[in-house]
Amino acid sequence: MSPDCPTWSWRAGCRGSAAQLYLFFPEQSIERNLAQLRNTLAAAWLGVLLLAALVGRALARRTLEPVARASEAARLMAGGRLDTRLPASAADEFGAWAAAFNEMADALEAKIAALSAAQARELRFTANVAHELRTPLAALVAEASLLSGQVSHLPDLARRPVELLIADVSRLRTLVDELMEISRLDAGSEPVQQRLVSVRSIVAALISARGWEDQVAVDGEPLTLTTDPRRVERILANLVGNAVEHSGRDVAVRTGTDGAHGCVDVADAGPGIAPEHLPHVFERFYKADSARAGAGSGLGLAIARENARLLGGNISVSSDVERGSVFRLSLPLGPAGDVSER
């Protein structure tokens with residue numbers, strides 16, 4: 001037999017005999033069968049793996065596609081697309097989920113529509129009331145002006161009621177003007193006319209016009225902004241007037257910058273604002289306490305902040321009880337970024 005030909009052998013012999021019998025079997029066929037079995041198993045394994053991948057992909061698409069649609073719908077609703085809905089044709093859990101989402105979206109859209117309508121009615125009511133009050137108020141102001149010229153000639157018993165009447169008419173006129181301004185700000189109908197202005201000049205003119213020279217000091221670096229001077233004057237008149245009312249004197253106005261914004265700080269040495277009241281001082285008709293209530297309507301700070309936001313800025317406040325408060329007006333420097341006065 002050739003040594004190059006591997007074989008299987010089997011030997012058998014008879015008891016008591018020296019004869020031996022050898023049987024030889026070729027191994028090539030067994031190796032071929034094993035190789036075929038190996039290839040068949042590998043092909044079957046690859047086929048099962050491919051089938052599992054296809055089935056898994058189909059299941060993943062069926063499972064994740066509704067989730068992706070729901071996520072996109074939620075994103076659109078968060079962006080204001082309240083008419084976004086999900087297809088709810090499937091009879092499985094995703095169909096029930098889509099139906100529940102659509103019910104929620106319907107209820108949310110209806111609620112927001114109702115709130116928007118109520119807000120619009122409220123704004124129209126406020127504007128209409130303020131507008132209707134202007135005509136009789138103008139007559140009251142004229143009559144109060146005539147009375148003010150005759151107060152010194154009135155008897156002592158009548159003088160005090162007339163003075164109170166004149167003061168109340170003045171407060172009513174201020175309140176109507178503030179309500180009209182609030183309604184215009186809410187309606188977005190207030191125009192902004194920007195130009196290069198000197199904030200220090202606005203502050204100086206304001207203090208001089210109101211007669212606050214002995215009560216208000218101005219310091220800090222010169223400040224020039226590209227903004228609406230009328231609205232800046234309106235904001236500063238409110239902040240400085242508020243400080244003068246609650247402090248009496250020792251009011252400081254400081255101008256400067258903090259990088260991308262021009263800042264005007266209005267500091268007073270008044271009684272300060274308690275920490276629990278600080279988050280609410282810019283709310284409409286809010287008065288922290290009797291010490292800061294004064295004769296105002298509670299709309300001044302709200303109007304000032306709305307005007308600041310209209311100019312792209314903001315108003316913040318910090319306060320220490322018994323040591324005073326600091327209101328900071330921050331406004332963008334403008335396209336030129338110029339912060340020095342010429």
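The values are calculated or read from the model by the stated rules, or taken from the named source; none is laboratory data. The structure displayed is predicted, hence computed values, not measured ones. All Cβ positions, even for glycine, are placed from backbone atoms using ideal geometry, and neighbour counts span all protein chains on display. Ligands, DNA and RNA are excluded from the accessible area calculation, which covers all protein heavy atoms including side chains. Shrake-Rupley method; radii C 1.70, N 1.55, O 1.52, S 1.80 Å.
Structure summary
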{"item": "Some residue of the stretch 114-127 being open to solvent by 100 Å² or more (accessible area, probe 1.4 Å), modelled with pLDDT under 80, of a type in the set (Ser, Thr, Tyr) and in a helix (DSSP H, G or I)", "result": "no"}
{"item": "Residues (over 16 Å from ARG328 (Cβ atoms) and either open to solvent by 30 Å² or more (accessible area, probe 1.4 Å) or of a type in the set (S, T, N, Q) (or both)) located in the stretch 249-278", "result": "ARG249, ASP250, ALA269, PRO271, PRO275, GLU276, HIS277"}
{"item": "Residue list for the stretch 304-335, filter: among the charged types (D, E, K, R) and touching a residue at least 60 places away in the same chain (Cβ under 8 Å)", "result": "GLU306, ARG328"}
{"item": "Scan of the stretch 165-209 for residues that are of a type in the set (S, T, N, Q), more than 18 Å from ARG134 (Cβ to Cβ) and open to solvent by 40 Å² or more (accessible area, probe 1.4 Å), ordered by number", "result": "GLN193, GLN194, SER201, SER208"}
{"item": "Contacts under 7 angstrom Cβ, first residue in the stretch 148-170 being closer than 18 Å to ALA138 by Cα, partner at pLDDT below 85 and not in a helix (DSSP H, G or I), 6 or more apart", "result": "VAL162/LEU154"}
{"item": "Out of ALA74, ALA68, ALA43, sole residue that is free of Cβ contacts under 8 Å to residues at least 60 places away in the same chain, in a helix (DSSP H, G or I) and farther than 20 Å from MET104 by Cβ", "result": "ALA43"}
{"item": "Members of the stretch 64-85 found to be surrounded by fewer than 12 Cβ atoms within 10 Å (Cβ to Cβ) and in contact with a helix residue (DSSP H, G or I) (Cβ under 8 Å, 6 or more places away or on another chain), listed by number", "result": "ASP83"}
{"item": "Search result, residues across the stretch 306-319 that are surrounded by fewer than 20 Cβ atoms within 10 Å (Cβ to Cβ) and within 16 Å of the chain's Cα centre (by Cα)", "result": "ARG309, LEU310, GLY312, ASN314, SER316"}
